[in-house]
Amino acid sequence: MAYQQPALPYADNSLEPYISANTIGFHYGKHHATYIKNYNGLVEGTPFDAKPIEEVILATAADAAKVGVFNNAAQALNHSFYWNCLTPNGGGTPTGELAAKIDADFGSFDKFKDELKNAAATQFGSGWAWLVLDNGTLKVVKTGNAQTPLTSGQTPLLCIDVWEHAYYLDYQNRRPDHVAAVIDHLLNWKFATDNYLAAK
Ligand code: MN
């Protein structure tokens with residue numbers, strides 16, 4: 001029961017000029033595909049093979065002997081989630097229930113945006129910045145390398161990949177410029193709202 005890479009939900013050039021087709025080509029076509037290939041190779045013929053990837057992530061997160069399975073499983077799922085967090089003509093502000101909840105929990109959308117930018121900019125080295133629902137409260141969190149908020153019992157609503165492979169071809173060392181472009185032009189608030197309504 002190999003884990004399948006989901007189809008990219010848009011054309012590889014449709015996030016331009018903020019993320020190039022070249023970056024998507026390597027990121028989706030090489031990095032993400034390789035995590036999935038490695039994951040499937042590691043679990044083939046083991047009891048993990050029959051389990052949903054979320055269960056494998058939770059089962060291996062605290063097991064140092066299974067760090068390879070965890071890293072590849074978490075990166076496979078993180079990226080499958082990440083592609084849906086971006087959309088052509090995205091960005092702007094959420095509406096409806098999620099917008100009201102952001103105002104309630106962060107004070108304002110601008111304050112939320114500052115927190116997300118700060119988390120993405122200050123994650124030291126590779127990792128992710130996330131909007132999560134944690135016991136009924138929205139929070140911004142950052143995780144290192146392959147780590148996911150799922151192992152802290154939090155529900156991811158949106159994420160930004162801050163590994164260098166996500167932006168280096170387009171922005172080189174300017175991670176904050178990449179993050180600002182993603183927030184202002186690409187974030188998929190419909191996807192985040194659907195995740196919020198399903199989890200609340
Ligand atoms: Mn990535």
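The values are calculated or read from the model by the stated rules, or taken from the named source; none is laboratory data. None of the values given here were measured: they were computed from a predicted structure. Cβ placement follows ideal geometry from the backbone for every residue including glycine, while neighbour counts extend to all protein chains displayed. To get the accessible areas, we keep the full protein, side chains included, count just its heavy atoms, and leave off ligands, DNA and RNA. Shrake-Rupley method; radii C 1.70, N 1.55, O 1.52, S 1.80 Å.
For the chain, the Kirkwood hydrodynamic radius from C-alpha pairs, put into Stokes-Einstein at 25 °C and a viscosity of 0.890 mPa s, yields a diffusion coefficient of 142 µm² per second.
The residues of region 96-199 have, on average, 43 Å² of accessible surface per residue, using a 1.4 Å probe with all protein chains present. The GluC sites (Glu not before Pro) of region 14-123 meeting both criteria, a DSSP state outside H, G, I, E and B (loop) and at most 15 other C-beta atoms within 10 angstrom of the site's C-beta, are Glu44. For region 8-91, the share of accessible area belonging to carbon and sulfur comes to 55 percent (1.4 Å probe, ligands and nucleic acids excluded). In this structure region 21-85 gives 45 Å² per residue of accessible area when probed at 1.4 Å with all protein chains present. In the P(r) worked out for region 96-199, what percent of Cα pairs fall beyond 25 Å? Cα-Cα pairs of region 96-199 separated by over 25 Å account for 16 percent.
One Cα centroid belongs to region 1-57, the other to region 169-200; the line between them spans 19 Å. Summarising the label geometry, the points placed 7 Å from Cα in the beta-carbon direction at Thr95 and Thr137 lie 3.0 nm from one another.
Between Tyr168 and Gln4, what's the calculated FRET efficiency when r is the beta-carbon distance and R0 is 25 Å? Round to 0.05.
0.35
In the chain, a dipole from Cβ-located charges (positive for Lys and Arg, negative for Asp and Glu) runs towards its positive end, and of Tyr82, Gly41, Ala129 it is Gly41 whose Cα lies farthest in that direction. The fraction of all Cα pairs in region 21-85 landing in successive 5 Å bins from 0 to the largest distance is 4, 18, 28, 24, 14, 8, 3, 1, given as whole percents. For region 96-199, carbon and sulfur atoms together expose 48% of the accessible surface, with a 1.4 angstrom probe and every protein chain in place.
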